[in-house]
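Heads up: the structure comes next, in structure tokens.
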Amino acid sequence: MTERKPPDQTFESWIDKQVREATERGEFDNLRGAGRPLPGVGTQVDENWWLRSYLQREGIRADGMLPESLVLRRDVERIQETVAELDTEREVRAAIAELNQRVVRYVRVPTPPHVPVGPVDADTVVRRWRDERASASGAALSRRGATESTRRAPEPAPTSSAQSFAKQAAETSGRGVEESSTGPKRRWWQRFRR
């Protein structure tokens, strides 16, 4: 196949002749992958077929390619499922605090697509977590036939979720938090006036 095409022949007839001669010599016999069907033949091909095949081939989840706003929105919606696996209230509050820090970082510098994402109320999530654990332990105790609950009392909440969120926001921004338990809470615009 290293010979040059004669000037009086067309490309099509010269190439056909070369392929026919190579087939007669047996150069195409026992090639690796011979006889296997081509993947995706006869299926509808979309514009991102290569991306889907790459993710499948490498075993990568498609969640890693989502924008930050959608990941945060999904995590906020699934927070109850996430904290259901945790054992202590301290771990639950730490998971919520970490999620709220990510939300604060996103709100400060949002990236498209702009999806409304707000912080999670820690007290509400902890209350639901306690209720689910109480119902799960109650069901387990009733199955065992126990009459008394052997559960410990839940840890008291250190602060309200609004105060903890304000503290987190102040820590990440480098400003102090004004905590006045004696007087009414100052409005946001009054904090800038001195």
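Every read-out reported here was derived from the displayed coordinates using simple, explicitly stated rules and does not represent laboratory data. This one's a predicted model, so the numbers in the text were calculated from it and none came from an experiment. Note that we place each Cβ from the backbone using ideal geometry, even for glycine, and neighbour counts take in every protein chain shown.
Sort 120, 19 so that the residue with the fewest other Cβ atoms within 10 Å of its own Cβ comes first and the one with the most comes last. All intermediate terms of the calculation are to be shown ahead of the outcome.
Working: 120 21, 19 13.
Ascending number of Cβ neighbours within 10 Å: 19, 120.
Which order do 74, 93 fall in if you start with the one that has the fewest other Cβ atoms within 10 Å?
Working: 74 14, 93 23.
Going from sparsest to densest Cβ surroundings: 74, 93.
Can you give the FRET efficiency for residue 123 and residue 47, using 1/(1 + (r/R0)^6), R0 = 41 Å, r = Cβ-Cβ distance, to the nearest 0.05? Present the calculation step by step, with values, prior to reporting the outcome.
On the way: r = 46 Å, r/R0 = 1.13.
It comes out at approximately 0.30.
Would you mind giving the average projected area, over all directions, of the Cα convex hull of region 1-40 in nm² with one decimal? Mind dumping the intermediate values first?
Values: hull surface 16.9 nm².
Its average projected convex-hull area is 4.2 nm².
I need 46, 16 ordered by Cβ neighbour count within 10 Å, fewest first.
On the way: 46 8, 16 11.
Fewest-to-most Cβ neighbours within 10 Å comes out as 46, 16.
With a point put 7 Å past each Cα toward its Cβ, work out how far residue 22 is from residue 137 in nm, to one decimal.
So the label points at residue 22 and residue 137 sit 7.4 nm apart.
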